[in-house]
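> What follows is a single structure, and I will ask about it in a moment.
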Amino acid sequence: MNNFSFSVGGRTLYCLIFLGFIMSFPPLLAKNHTRQGNSFSQQHKVQGTITDGSNPLPGVTIAIKNKKNNVVISDYSGQFSLTSSPYDTLVVSYIGFKTQLVPIQGRSTVNIVLIDDTTTLQEVRVNAGYYSVKESERTGSIARITSKDIETQPVTNVLATMQGRMAGVSITQTTGVPGGGFEIKIRGQNSLRADANQPLYIIDGVPYASDPIGFNQTSTTFPTVTSPLNSISPESIQSIEILKDADATAIYGSRGANGVVLITTKRGKEGKTSFTLQASTGTGTVTKFMDLMNTQQYLEMRKKAFQNDNTSYKARDYDINGTWDQNRYTDWQKELLGGTALINNITGSVSGGSNKTQFILSGNYYTESTVFVGDFLYKKGGSQLSLNHQSDNDKFRLTFSAGYNFQDNNMPAFDFTNDARSLAPNAPALYNEDGSLNWANKTWSNPLRNLNAVFKSKTNNLVANTVLSYEVLPRLFVKSNFGYTNLSTRETRINPSTIFNPANNITSARSSIYINNTTRSSWIIEPQANWSKEFAGGNLDILAGATFQNQNSASLYQSGNGFPSNSLIYNLAAASVVTILLNDETQYKYQAIFGRINYNWEKKYILNLTARRDGSSRFGPGNQFATFGAVGAAWLFSNEHFLKNSSWLSFGKLRGSYGTTGNDQIGDYQYLDTYSIAELPYNGIAGLQPTRLYNKDFGWEINKKLEAAMELGFLKDRIFATAAWYQNRSSNQLTGIPMAGTTGFTVLQANLDAVVENRGTEFTLRTININSVNFNWTTSFNITFAKNKLIRFPGLESSSYSQQYRIGQPLNISLLYNYKRINPQTGVYEFEDLNGNGVISFPDDQQAVSDLNPKYYGGMQNQLSYKQWKLDFLFQFVNQKNRAYLNGVAGQMINQPSRMTDSWQEVNDNALYQIYTSGTNSDAVTANYLYSRSTASIVDASFIRLKNISLSYDVPLQMKETKCLIMLQGQNLLTFTKFKDGDPEFTTMGFLPPLKVITAGVQLTF
């Protein structure tokens, strides 16, 4: 009876009583049916709205039962209208929801709420790059998030949207400064070269080069060079798929060695033209400050240090010799990092179209200030256009998409985090009474001097793609993909003379600027043919295609020193000395042919074969081409006759894959003899100097991948679990082999006979806890146990890598001194003397191995909806180790964590930290250096974090074609950890950690 409703609520009860009375008398009902049959042909208009309980559902199919010609589709607001008999029954169907039969019963308005049908979720098609496949029939490992997951997160970078949501995908934010980067590893680190582990990014079918576009010397605000992925707006993304195993990645050949990230932007939908406008505003603050010494603790430490050293204060010891106020206290973390970043974001879109042509045009603009002192702003924006068209006979199809984005970043050239953690708490005020910087009579270097050192970056990015396809014969399609990308960036960093104390009379002749201009453009053409046929009781699908790609890059890094005036500092022509640090132009050419054969027999046994023949300009003659391939298989045992009608097992699949992929992420021209302009001219003439040796044997890195997995669904997939085991082995490593300096070269680019293994297990679980008309609750959980290991490295002990790697250990390790104790007599740290020579020395005694890779990581997401309310929250967790924050020598003019008050004071004292020293105790200074490189410096940095939370309310409006959604979102809100030195997620010391963000917004659709 849940399908019955009347606009006048009081009549519903009477109708149900009357209906029950009528149904209790079959003869009367039969007689009445005969009478009704006389009016069966009467026309009756029915209209209504279809929702999922809170949101309208566009694209729902509404048909009249037993009438094939009367079918309509709900529009963008979920509304429909059709003509029928008053006594017809509506058949309402939509993928992902249960099909409903709704008797009209003479009503003119019928509002319908569809209920999720978990069994149809297996019919959803996922993007595998060159083809799509049903979720139930895929043989490879593919993780996926959609716009529903993305739109709940107040983030600016595409990679941030995936943190904690995908098994086997580890993502770490490298800085909290807007415009910074992220580190991503899909199933671990495969290559010895850290810069050769980036996955392949595909945006709407176009490869997107993720190579760094910044220059390390240009800015010290970011710990790593900036990434072009910042340009992409998360609001424009429809879905992100991660291809992980060989079956999913081998069709991309060498480009898929480290996984593939497929980004699909939003597409227009059939229906009336709709407009959406969304605006949000919010704030960002540092997640957690360190607990540092206050003035009293700090001064006691300093005084004790001089007492321990039996020496007196020096003139430069301003903090304790009476020059600085002994009672003054400043929390420099709050002063320098405790600001509030203001965040504003506005997006808009218009979409619609007919059943043959659909479009969407969207735009966005985003601004974010910083938590630093000063007026700095990060701006980004862009527009996206998508157009889909198909001919009347549905044979010809065209898809066009284009996105143009820009970034304008204005940041300080120096991060204030180190100053905030190291300044004495009684240091002078930042400003004088007149508002000028306080230099305190040259007794200190005011940290705000660096406000005048500015970093600016402007980036423009275009990604365009066109796909043309035509059905030549039934089930035979030919198509071609045409893509183009263009990226340009300009970075400047200035160091004007105003960063120095004016009393020193330093002029603009000491001013300098660094400039980076980088451009990158590429085009790609990929013709393809796809044919499918019912064959021998199954379905055969064959795909064949080719790739032609060309990429041109140009970089010009320059510096200028000495200017007549600081007002001319951005004019390089005004510099007295101009230096070209790098002037580089490269061309990368790539060609390939690829194919896929898939056979699905009786929807139970699936075999998938993929292969690719790659050619890269990054290798020399004879090594430019290589062949990669994979085989994947799946058994849908739940479709076997003995389980097909099981009441408890709704889905079961075993799948596995094995294959090879390659890697050519080594840079261009690495195998050639190369020359560069000599830095110093000879007799006034610039010359050439050799920079690289020719290596004709330079070839492909090889990655062999093996996976086995099981997928199980219970109780109509209300409980769905996946368990996967994988092993990846990467060999023929692309890296540099060190050479003796007497050769004139430090390294020879070559293939190293080393093998790296990544092995792990992944587990995902989705449960639909409650699924009703008004209330829904879904939980998703994922966890990954990963192990990275160096399997083989001939000659490691005698190579320059001997103090970097160990056989049988991960690549990301630290070799440490073994910490023993604090000497009870001297109060100085002691370490294990491994070689027994009585001296703690490098490298003999620095041999303890510490694994800095996460042991396991994952996340748990809950999605709840009640009528117009929706709540979505995600907990991320990581089990890992990290370095403790050790700031110089305790006792010198540097603030320390408050825990270091527990220091050695006297003979036989039981303390956590060694004796304070002002610097004259050389044994303590040396021991402090060793301690920072010992096992004692590695601590537990595991954490559980409320990574994201989103609460929204769909305001009920009388205007049916208008929707108003109010949203409250948060990022990095709560963190549970034993780590004492700030943010545990953050692994780069001395830089701003990720921020805690809270935003509020509204979305209007009309």
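The values are calculated or read from the model by the stated rules, or taken from the named source; none is laboratory data. Every value quoted in this text rests on a predicted model; they were computed, and no experiment measured them. For neighbour counting, all protein chains shown are included, and Cβ atoms are generated from backbone atoms with ideal geometry for every residue, glycine included.
> Suppose we keep only residues that are in contact with a strand residue (DSSP E or B) (Cβ under 6 Å, 6 or more places away or on another chain) and assigned to a strand (DSSP E or B) within region 904-939. Which one would you say is surrounded by the most Cβ atoms within 10 Å (Cβ to Cβ)?
Out of the qualifying residues, it is SER934.
> Of all residues in region 396-453 being more than 32 Å from the chain's Cα centre (by Cα) and of a type in the set (Lys, Arg), which is surrounded by the fewest Cβ atoms within 10 Å (Cβ to Cβ)?
This residue is LYS442.
> In addition: Name, by its number, the condition in (1) within 38 Å of the chain's Cα centre (by Cα); (2) on the phi > 0 side of the Ramachandran plot that does not hold for GLY537.
(1)
> Using the structure shown, decide if SER81 is small (Gly, Ala, Ser), in a strand (DSSP E or B) and within 22 Å of LYS963 (Cα to Cα).
So SER81 passes the test.
> From the list PHE482, PHE563, PHE548, which one is modelled with pLDDT of 95 or more, among the hydrophobic types (A, V, I, L, M, F, W, C), at negative phi and touching a helix residue (DSSP H, G or I) at 6+ places or on another chain (Cβ under 7 Å)?
None of the others qualify; the one that does is PHE563.
> Return the residues of region 122-169 that are out of contact with any helix residue (DSSP H, G or I) (no Cβ under 8 Å at 6 or more places or on another chain) and among the aromatic types (Phe, Trp, Tyr); say none if nothing qualifies.
Result: TYR131, single match.
> Let me ask something else about it. Can you go through PHE289, PHE222 and tell me which one is of a type in the set (Phe, Trp, Tyr), more than 30 Å from ILE346 (Cβ to Cβ) and part of a loop (DSSP other than H, G, I, E, B)?
Step by step, each of PHE289, PHE222 is checked, and only PHE289 is of a type in the set (Phe, Trp, Tyr), more than 30 Å from ILE346 (Cβ to Cβ) and part of a loop (DSSP other than H, G, I, E, B).
> Return only the number of the condition from (1) in contact with a strand residue (DSSP E or B) (Cβ under 7 Å, 6 or more places away or on another chain); (2) free of Cβ contacts under 8 Å to residues at least 12 places away in the same chain that THR743 does not satisfy.
Here THR743 clears every test but (1).
> State which residue is nearest to SER942 (Cα to Cα) when the search covers only region 883-903 and only residues that are part of a helix (DSSP H, G or I) and not aliphatic (A, V, I, L, M).
Going residue by residue through region 883-903, those that are part of a helix (DSSP H, G or I) are 898-901.
Those still in the list that are not aliphatic (A, V, I, L, M) too: 898-899, 901.
Numbers: SER898: 21, ARG899: 19, THR901: 25 Å.
Checking each candidate, the answer is ARG899.
> So, in region 236-245, how many residues would count as being touching an Asp or Glu at 6+ places or on another chain (Cβ under 7 Å) and part of a helix (DSSP H, G or I)?
Adding up the residues that qualify gives 0.
> For THR221, all conditions in the list (1) over 11 Å from the mean Cα position of the chain (by Cα); (2) at pLDDT below 90; (3) under 30 Å from TYR801 (Cβ atoms) hold save one; what is the number of the exception?
In the conditions (1) over 11 Å from the mean Cα position of the chain (by Cα); (2) at pLDDT below 90; (3) under 30 Å from TYR801 (Cβ atoms), THR221 misses (3) alone.
A quick yes/no check of all residues on (1) within 21 Å of the chain's Cα centre (by Cα); (2) basic (Lys, Arg):
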site: ILE737; (1), (2): no, no
site: ALA754; (1), (2): no, no
site: ARG766; (1), (2): no, yes
site: ASN769; (1), (2): no, no
site: PHE781; (1), (2): yes, no
site: PHE785; (1), (2): yes, no
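> Please state which one of SER638, SER657, SER647 is closer than 30 Å to GLU602 by Cβ and either acidic (Asp, Glu) or in contact with a Phe, Trp or Tyr (Cβ under 8 Å, 6 or more places away or on another chain) (or both).
It is SER638.
> Quick check, is GLY353 under 18 Å from GLY180 (Cα atoms) and among the small types (Gly, Ala, Ser)? Steps first, please.
Numbers: under 18 Å from GLY180 (Cα atoms): no; among the small types (Gly, Ala, Ser): yes.
No: the conditions fail for GLY353.
> Residue check: is ILE783 out of contact with any Phe, Trp or Tyr (no Cβ under 8 Å at 6 or more places or on another chain), in a strand (DSSP E or B), aliphatic (A, V, I, L, M) and not assigned by TED's automatic domain parsing to the domain that holds ALA924?
No: the conditions fail for ILE783.
> Could I ask something else about it? Hey, does region 558-581 have a residue that's part of a strand (DSSP E or B) and closer than 26 Å to GLN624 by Cα?
no
> Additional query: Take the residues of region 882-898 that are at pLDDT 95 or above and in contact with an Asp or Glu (Cβ under 9 Å, 6 or more places away or on another chain): which is farthest from GLU151 (Cα to Cα)?
GLY891
> In region 957-972, what count of residues is obtained for those that are over 21 Å from THR273 (Cα atoms) and over 24 Å from the mean Cα position of the chain (by Cα)?
So in region 957-972, the residues over 21 Å from THR273 (Cα atoms) come out as 966-972.
Narrowing further to those that are over 24 Å from the mean Cα position of the chain (by Cα): 966.
Of the residues in region 957-972, 1 are over 21 Å from THR273 (Cα atoms) and over 24 Å from the mean Cα position of the chain (by Cα).
> Let me ask something else about it. Hey, any hits in region 820-843 for a residue that's under 29 Å from PRO984 (Cβ atoms), touching an Asp or Glu at 6+ places or on another chain (Cβ under 6 Å), without any contact (Cβ under 8 Å) to a residue 60 or more places away in the chain and in a strand (DSSP E or B)?
yes
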